[in-house]
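Asks: I'd like to ask some things about the structure below.
The values are calculated or read from the model by the stated rules, or taken from the named source; none is laboratory data. Values in this document were obtained by computation on a predicted structure and should not be read as measured data. Glycine also receives a Cβ, built like all others from the backbone with ideal geometry; neighbour counts cover every protein chain displayed.
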Amino acid sequence: MSDTRIRRIVILGGGTAGWMTAAALSRALARQPIAITLIESDAIGTIGVGEATIPTIHWFNQIIGLDEAAFMAETKATVKLGIEFVGWNGPGTSYLHPFGTFGPPGDGVMFLHRLIRGRLDGDTMPTEAYSLTAQAARAGRFTHPVGDPRSLLSTLGYAYHFDAGLYARYLRGLAEKAGVTRIEGKVSRIDRDPGTGFVTALATDTGAEATGDLFIDCSGLRGLLIEETMGSGFDDWTHWLPCDRAWAAPSAVETEVTAYTRATAAEAGWRWRIPLQHRVGNGYVFSSRFQDEESARQSLIAGMDGPPIADPRLIRFTPGARRRPWLGNVVAIGLSSGFLEPLESTSIHLIQSGIAKLLALFPARDCSPLLADQFNRVFEQEMQDVRDFLILHYHRTAGRAEPMWRERQDMEIPETLARKIAHFEQSGRIVLSTDELFRDASWFAVLDGQGVVPRGYNPMIDGAGSADNLRHLEAVRGAIRESTAKIPAIPPRAG
């Protein structure tokens, strides 16, 4: 019987996606005789806007064996407890999408219905008062969540802000120690099998050549293998997500701690603010149909807390997804598989999610089309789920009269999103599939923050009277206040 196992893997592209893939595969395949080669060119820049993450980053860091303290020191990371949305319902408005859950431990989804019922009965307290993570974020406090399901500290959630370039460099060190070979150079030739169409080798302008059984395309938005070579096809979602440009620039480190990302609505898009240990990352994501590049550049600079310490950099992109991110023996990971703007910090999650899918469906040398089809179906669903969550932010706004925002408010939205909104408005229910990335607490935070008001709630909580429910809500607020006061303050950063 012939040996059909994968023996050679070639990763095209470094950056966050390439080195995350190399680190994960070298760890997962450590006991197998598989050679992993990564080709990248120092002359090709990376986008590097993925400086903010969501809590799923813990899974990836754990599977590759990262020590949190060392990782945070090497990548200049800071703690992220959520995302603040400023001005999305007009000037002077803001709300927080906190990580973690709302209410007391163990109540989960039902607490959201208790909160909705309380509001219908006259409770006017802000939503943030019912989230320990939100209160800690506003107070600049942090402690790790605990595993005890009875403790209020188990409701905490957190992720990181970090320097994506330093993260890639850190992962490169781990991957190379695990045996990954790096080749410097730009791809100058792509060889394919004339019978199967599979890629067989990549040659570089430096004269190096890498043959492989499986090729991972981490070449970024260009999609050199998956699109230009294999012809995957691309679904353009600009009609729902209009922003197609971003200016990015760093500014000096903050001295007052901000334990969350800030996303501020602007005239033709939104600005991000991401605090790191050594600087603040700033950016302006905008639609070129509604604002020219130079005006957008000036808008970015005007909205920053301080002057840029490097020239702003322009990034052009098209929001959407590859139709077949796994085609033949090529699998696209990261931006080569599609791009969704960083409004909810999903870029790095989608990299690790692609890696997880590849590990779960790891092929033999024939790269069975059945495996590719399953990968593509699951990928498509995940991208559509995240897409809908992002569209919600744009569509359900109030108080913004700029042309881009008026168009968003009036646009026809995907039926999948319309159904979610209808369920929430009618009964307070958030209808999700088991595999969706953003869960009930996240959807509630944004629906509530964007001003979507439910008319009802789950009647299963009607066993208690209205007065009892209001007293319960008051007790929850009190417990959260007490717990917040006991959480240590995050030390100020050195200016």
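Asks: Test each condition in (1) under 24 Å from the mean Cα position of the chain (by Cα); (2) buried (at least 22 other Cβ atoms within 10 Å of the Cβ) for ARG313 and report the one that comes out false.
Replies: For ARG313, the exception is condition (2).
Asks: Considering only the stretch 387-399, I want to know if a residue exists there that is touching a Cys at 6+ places or on another chain (Cβ under 8 Å), at pLDDT 95 or above and not acidic (Asp, Glu).
Replies: Looking through the stretch 387-399, none of the residues is touching a Cys at 6+ places or on another chain (Cβ under 8 Å), at pLDDT 95 or above and not acidic (Asp, Glu).
Asks: Can you pull out every residue in the stretch 436-449 that is buried (at least 20 other Cβ atoms within 10 Å of the Cβ) and either polar (S, T, N, Q) or without any contact (Cβ under 8 Å) to a residue 24 or more places away in the chain (or both)?
Replies: Matches in the stretch 436-449: SER442 only.
Asks: What number of residues within the stretch 453-495 are part of a loop (DSSP other than H, G, I, E, B), out of contact with any strand residue (DSSP E or B) (no Cβ under 6 Å at 6 or more places or on another chain) and crowded, with 16+ Cβ neighbours inside 10 Å?
Replies: Of the residues in that region, 5 qualify.
Asks: Return only the number of the condition from (1) surrounded by fewer than 22 Cβ atoms within 10 Å (Cβ to Cβ); (2) over 26 Å from GLY399 (Cα atoms); (3) under 25 Å from the mean Cα position of the chain (by Cα) that PRO105 does not satisfy.
Replies: PRO105 satisfies every listed condition except (3).
Asks: I've got another one for you. Which is in contact with a strand residue (DSSP E or B) (Cβ under 6 Å, 6 or more places away or on another chain), β-branched (Val, Ile, Thr) and either under 23 Å from PHE389 (Cα atoms) or assigned to a loop (DSSP other than H, G, I, E, B) (or both), of ILE44, ILE54, ILE36?
Replies: When all the criteria are applied, what remains is ILE54.
Asks: Could you list all residues from the stretch 1-16 that are outside any strand (DSSP E or B), within 22 Å of SER337 (Cβ to Cβ) and in contact with a strand residue (DSSP E or B) (Cβ under 9 Å, 6 or more places away or on another chain)? Working first, answer last.
Replies: The first filter runs over the stretch 1-16 and keeps only residues outside any strand (DSSP E or B), leaving 1-7, 13-16.
Then keep just the ones that are within 22 Å of SER337 (Cβ to Cβ); that gives 6, 13-16.
Once the filter is applied, which keeps residues that are outside any strand (DSSP E or B), within 22 Å of SER337 (Cβ to Cβ) and in contact with a strand residue (DSSP E or B) (Cβ under 9 Å, 6 or more places away or on another chain), the stretch 1-16 yields ILE6, GLY13, GLY14, GLY15.
Asks: Continuing with this model, one more query. Give just the number: which of (1) of a type in the set (Val, Ile, Thr); (2) in a helix (DSSP H, G or I); (3) touching a helix residue (DSSP H, G or I) at 6+ places or on another chain (Cβ under 6 Å) does ILE421 not satisfy?
Replies: Failed condition: (3).
Asks: Spot the failing condition for GLY65; the list is (1) assigned to a loop (DSSP other than H, G, I, E, B); (2) under 19 Å from SER427 (Cα atoms); (3) not aromatic (Phe, Trp, Tyr), and only one is missed.
Replies: (2)
Asks: All but one of (1) under 21 Å from PHE234 (Cα atoms); (2) without any contact (Cβ under 8 Å) to a residue 24 or more places away in the chain hold for THR318; which doesn't?
Replies: (2)
Asks: To continue, here is another question. Here are some residues: VAL257, VAL199. Which one is modelled with pLDDT under 95, outside the structural domain of GLY449 (by TED's automatic domain parsing) and buried (at least 16 other Cβ atoms within 10 Å of the Cβ)?
Replies: Testing whether each residue is modelled with pLDDT under 95, outside the structural domain of GLY449 (by TED's automatic domain parsing) and buried (at least 16 other Cβ atoms within 10 Å of the Cβ) leaves just VAL257.
Asks: Can you find, within the stretch 90-102, the residue that is nearest to the chain's Cα centre (by Cα) among those that are surrounded by fewer than 21 Cβ atoms within 10 Å (Cβ to Cβ) and at pLDDT 95 or above?
Replies: SER94
Asks: Same structure, new question: Mind checking whether some residue in the stretch 276-284 is aromatic (Phe, Trp, Tyr) and over 28 Å from ILE216 (Cβ atoms)?
Replies: Taking the stretch 276-284 as the starting set, the residues that turn out to be aromatic (Phe, Trp, Tyr) are 284.
Now drop any that are not over 28 Å from ILE216 (Cβ atoms), which leaves 284.
Yes, the stretch 276-284 contains a residue that is aromatic (Phe, Trp, Tyr) and over 28 Å from ILE216 (Cβ atoms).
Asks: Would you point out which residue out of ILE301, ILE333 is assigned by TED's automatic domain parsing to the domain that holds TRP19, among the β-branched types (Val, Ile, Thr) and modelled with pLDDT of 95 or more?
Replies: So the residue among ILE301, ILE333 that is assigned by TED's automatic domain parsing to the domain that holds TRP19, among the β-branched types (Val, Ile, Thr) and modelled with pLDDT of 95 or more is ILE333.
Asks: Sort out which residues of the stretch 351-364 are in contact with a strand residue (DSSP E or B) (Cβ under 8 Å, 6 or more places away or on another chain) and either part of a helix (DSSP H, G or I) or aromatic (Phe, Trp, Tyr) (or both), and write them in order of number.
Replies: Across the stretch 351-364, the qualifying residues are GLY354, LEU358.
Asks: Here is a further query. List the residue pairs whose Cβ atoms are under 9 Å apart, where the first residue sits in the stretch 290-310 and is surrounded by 11 or more Cβ atoms within 10 Å (Cβ to Cβ), the second is in a helix (DSSP H, G or I) and not aromatic (Phe, Trp, Tyr), and the two are 6 or more positions apart or on different chains.
Replies: PHE290/PRO403; PHE290/MET404; PHE290/GLU407; GLN291/SER299; GLN291/MET404; PRO308/LEU300; PRO308/ILE301
Asks: Oh, and also: Scan the stretch 401-435 for residues that are surrounded by 13 or more Cβ atoms within 10 Å (Cβ to Cβ) and at pLDDT below 95 and jot them down.
Replies: Within the stretch 401-435, no residue meets the criteria.
Asks: I've got another one for you. Within the group ALA249, ALA203, ALA210, ALA263, which residue is in a strand (DSSP E or B), farther than 18 Å from GLY283 by Cα and touching a Leu at 6+ places or on another chain (Cβ under 7 Å)?
Replies: Details: ALA249 fails: farther than 18 Å from GLY283 by Cα; ALA203 fails: touching a Leu at 6+ places or on another chain (Cβ under 7 Å); ALA263 fails: farther than 18 Å from GLY283 by Cα.
Result of the check over ALA249, ALA203, ALA210, ALA263: ALA210.
Asks: Hey, among the residues in the stretch 373-400 that are aromatic (Phe, Trp, Tyr) and within 17 Å of PHE234 (Cα to Cα), which one's surrounded by the most Cβ atoms within 10 Å (Cβ to Cβ)?
Replies: PHE379
Asks: Would you mention how many residues in the stretch 126-175 are acidic (Asp, Glu) and under 30 Å from VAL253 (Cβ atoms)?
Replies: Within the stretch 126-175, residues that are acidic (Asp, Glu) and under 30 Å from VAL253 (Cβ atoms) number 2.
Asks: May I pose another question? Looking at the stretch 225-254, which of the residues that are buried (at least 20 other Cβ atoms within 10 Å of the Cβ) and of a type in the set (A, V, I, L, M) is farthest from ALA17 (Cα to Cα)?
Replies: Restricting to residues being buried (at least 20 other Cβ atoms within 10 Å of the Cβ) and of a type in the set (A, V, I, L, M), the top hit is LEU241.
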